[in-house]
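J.: The structure that follows is given in the form of structure tokens.
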Amino acid sequence: MDELGNTAERILHFIQDNPGCHLRKIKEYMDVSMGTVQYHLEKLEKMQRVVSARHGLYKHYFPVGIFHDNEKEILQVLGQETSREILMFIIEQQSPTQTEIVNRVGISAASVSWYLKRLIESNLIDEIKEGRYKRYQLHDRKTSSRYITMLIRNYYPNIWDRWSNRLVETFLSLSRSDGDQV
Amino acid sequence: MFSGLLLQTELFDGIESAIQAATGILAILLLALSISAYRRTGLKKIIYAATAFALFAIQLIFESLEDTFEVLDTSYGSVITSSMTLAILVLFFLAIVQKNR
């Protein structure tokens, strides 16, 4: 941390506490000029302390190494309204069944099953078999719930993402998936 | 009376053009949405839907060209537009029956 100046260090702390925040939000918190924030963000990126991802009009910043090698995939998942809703429900309920998730989200079981499969592939959640039921819980409950909640708060889908997501759900709900189960 | 009839025809032509333009814009919007959805999800069925929307947009362009240039308004043109309609329906059918992968 020694090689970082005071401003860069404050920016880094802010990003660590608010993963997924965008430039304007950092500027508001820091109360310095946009140019200064941009300069320090560039420096932090070069030093590989933060990474950025452009999403619509905004560039979002994340501390390096929250989700190891699948950060980009996770951001893609979090850019979908339904995935976010499912994740928040899993965080709230700790280990709900698929039926509970379907009832909460209000879309077809086929769509929910597809979203759950993607969340498992991204190592965000785990599937636990319990008799004839399957329960879902966060992969790393201690650290992930805080980061995911922060990311969901700071990194949200724009109107275009929401529309394209609804198009996907329309086609998913018209057919059954391979892994439909309760 | 003749000029009234002419005005009415012009009005209907104008309405038809406006509806065609709106349909074209919607088809392009749906095509862009489905491409964006495919890039995000990688779902094969979305590719079928995107192709159907693209064909629909092409069909609209072809029909408006047929109206503008009489040389295109042949029985071949009718066969092409009917084939496009069939292809669009087949693609939507494939998008529905394709497994969610």
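The values are calculated or read from the model by the stated rules, or taken from the named source; none is laboratory data. All figures in this text were calculated on a predicted structure; none of them were measured in a lab. So basically every Cβ, Gly included, is an ideal-geometry build from the backbone, and we count neighbours across all protein chains shown. Protein only, heavy atoms only, side chains kept; ligands, DNA and RNA dropped before computing areas. Shrake-Rupley method; radii C 1.70, N 1.55, O 1.52, S 1.80 Å.
J.: From the gyration tensor of the Cα coordinates in chain A, what semi-axes in whole Å does the equivalent ellipsoid have, largest first, with each one equal to sqrt(5λ)?
T.: 35, 18, 12
J.: Moving to a separate point now. To the nearest 0.05, how large is the calculated FRET efficiency for A:Leu23 and B:Leu72 if R₀ is 41 Å and r is the Cβ-Cβ distance?
T.: So, using R0 = 41 Å, E works out to roughly 0.20.
J.: Here is a further query. Below 26 Å, Cα to Cα, which lysines can B:Lys44 reach? Residues fewer than 8 away in the same chain don't count.
T.: Partners found: A:Lys72, A:Lys117, B:Lys99.
J.: Mean Kyte-Doolittle of at least 1.0 and a Cα length of 15 Å or more along the axis: which whole DSSP H helices of chain B meet both?
T.: Those that pass (Cα extent of 15 Å or more, hydropathy at least 1.0) are B:75-97.
J.: Additional query: Report the net charge of residues surrounding B:Ala95, where surrounding means a beta-carbon distance below 12 angstrom and charges are Lys +1, Arg +1, Asp -1, Glu -1.
T.: Local charge sum for B:Ala95: +3.
J.: What do you get for the angle between helix A:6-17 and the principal long axis of chain A? Use alpha-carbon atoms, 0 to 90 degrees, nearest ten.
T.: In chain A, helix A:6-17 runs at an angle near 10 degrees to the longest axis.
J.: Roughly how much of A:Glu92 is accessible, in Å² to the nearest 10, using a 1.4 Å probe?
T.: 100
J.: What figure in square angstrom, to the nearest 10, would you give for the accessible area of B:Met84 with a 1.4 Å probe?
T.: Using a 1.4 Å probe on the heavy atoms, I get roughly 30 Å².
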